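Heads up: the structure comes next, in structure tokens.
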Amino acid sequence: MSKRNNLFIFILTLGVFGILNTEMGVVGILPQIAERFHVSVSQAGLLVSLFALAVAISGPILPLLFSGINRRKVLLFVLGVFVLSNIVSIFAPNFTIALIARVIPAFLHPVYVSIALTAAASSVSEKEVPKAVSKVILGVSAGIVIGVPITTFIASATSLDLAMTFFAVVNAIAFMGVLLFVPSMPVKERLSYGAQLSVLKKPIIWQSITAVVFINAATAGVYSYFAEYLETITHISGTALSLMLVIFGVASLFGNVLGGKLLSKNAIKSVVIYPFVFGAVYILLFLMGKFTAPMIIIVVLWGILYAISNNISQYWITSAAPEAPEFANGLFLTAGNLGITIGTTVGGLFISGMGTQYIVLGGLLFLILSLIFILLRTFMYSPNKQLAK
């Protein structure tokens, strides 16, 4: 892979990181945002859940609408909207304006991510495609698990304004990178979507989507209130909280690698076992969450399993529709973000109704629901059928 091509893929990845960081970076600063706008932490959680809902709605639709436009222009447009919305968020006079400034760019999230994956794949030889695509996906993971501790650290060390400025700066750098180094990418062939849409007639795809929605609800429903949980239950804040988020992030990057290996070794078995293992970690979290030393170990395990959920979710949907990989990836984004919306909303209800510690019960509930649909698909379709049908 040439240096020029490496730079091209790095810029695409940086943009993905900026967009995912904008989505999930607020997780670590929800308490400060709630304080600024005089709303509850569960209300502040709308900044996560409504963003995810917008992504879920636009996932299968907007990438199709932008599919005939020069890809470079679309990348610049999306990043430009993210920069402007991030600036508006910094100066938002009230919570409603902050919410609107979050939701509008969220609809364009799947447009950038799908184009970045396609552009990276088309920029290299067929043999190099998995490497190129994996680098862009790393931007997704890094945005979720590294952006949060960075933002939290900036907020605790300086101010909430500077933490939110970080979102705008990353997207602005990516915008300049695309402007200066990404060549024009006119669309030569528009794909027919009729055949891709036909995968929705298959029962296996709906079983898979439902399982992925519940998996993501189980992970995001607790993780979205990570900072709140550590502050309220474990009594960790400031620099120590940032350190815990860094530990979670590093563990998650390891989890990405481990998840790929597990799926390569025995995919079906890995998916079936996953809810049991994550459930055990949630039970430990519920029982030992008040103690700092055990929480360090729990956070490591939590981070690893959180990242594996991305691998499992992507595999579970794309393996159900191998004849339409692009559309399947759109469904993966939609199902994942719908799960985040549901999980974050239910997590907020558990906090306001029962107390912060009990968000773990919401996570366990969603894991049980995910297991039901995972087993349903597993028993209805043999592994061979799942991969070939």
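The values are calculated or read from the model by the stated rules, or taken from the named source; none is laboratory data. Bear in mind that the values here come from a model prediction, so they are computed numbers and not experimental data. Cβ coordinates were reconstructed from backbone atoms using ideal geometry, including for glycine residues, and neighbour counts include every protein chain displayed. For the accessible areas, the whole protein counts, side chains as well, though only heavy atoms, and no ligand, DNA or RNA atoms are used. Shrake-Rupley method; radii C 1.70, N 1.55, O 1.52, S 1.80 Å.
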* Which of the following residues is modelled with pLDDT of 85 or more and out of contact with any helix residue (DSSP H, G or I) (no Cβ under 8 Å at 6 or more places or on another chain): 127, 73? -> 73
* Where a residue in the stretch 201-217 is over 15 Å from residue 371 (Cβ atoms) and without any contact (Cβ under 8 Å) to a residue 40 or more places away in the chain and its partner, wherever it lies, is assigned to a helix (DSSP H, G or I) and polar (S, T, N, Q), with Cβ under 7 Å and at least six apart -> none
* To do: Considering every residue within the stretch 265-285, establish whether at least one is open to solvent by 50 Å² or more (accessible area, probe 1.4 Å) and not in a helix (DSSP H, G or I).
  => no
* For residue 262, work out the one condition from (1) modelled with pLDDT under 80; (2) part of a helix (DSSP H, G or I) it doesn't fulfil. => (1)
* To do: Assess whether residue 119 counts as being without any contact (Cβ under 8 Å) to a residue 24 or more places away in the chain and open to solvent by less than 50 Å² (accessible area, probe 1.4 Å).
  => no
* Asked: Just for the stretch 357-389: of the residues that are modelled with pLDDT under 90 and basic (Lys, Arg), which one is surrounded by the most Cβ atoms within 10 Å (Cβ to Cβ)?
  -> 389
* Report whether or not residue 242 is closer than 23 Å to residue 225 by Cβ and polar (S, T, N, Q). => yes
* Is one or more of the residues making up the stretch 32-43 of a type in the set (A, V, I, L, M, F, W, C), within 18 Å of the chain's Cα centre (by Cα) and not in a helix (DSSP H, G or I)? -> no
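Each row is one residue, and each column tells you yes or no for (1) buried (at least 24 other Cβ atoms within 10 Å of the Cβ); (2) in contact with a strand residue (DSSP E or B) (Cβ under 8 Å, 6 or more places away or on another chain); (3) within 20 Å of residue 93 (Cα to Cα); (4) among the acidic types (Asp, Glu).
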residue	(1), (2), (3), (4)
19	yes, no, no, no
26	yes, no, yes, no
32	no, no, yes, no
47	yes, no, yes, no
57	no, no, no, no
* Asked: Only one of these conditions is not met by residue 205: (1) open to solvent by 10 Å² or more (accessible area, probe 1.4 Å); (2) over 20 Å from residue 282 (Cβ atoms). Which number is it?
  -> (1)
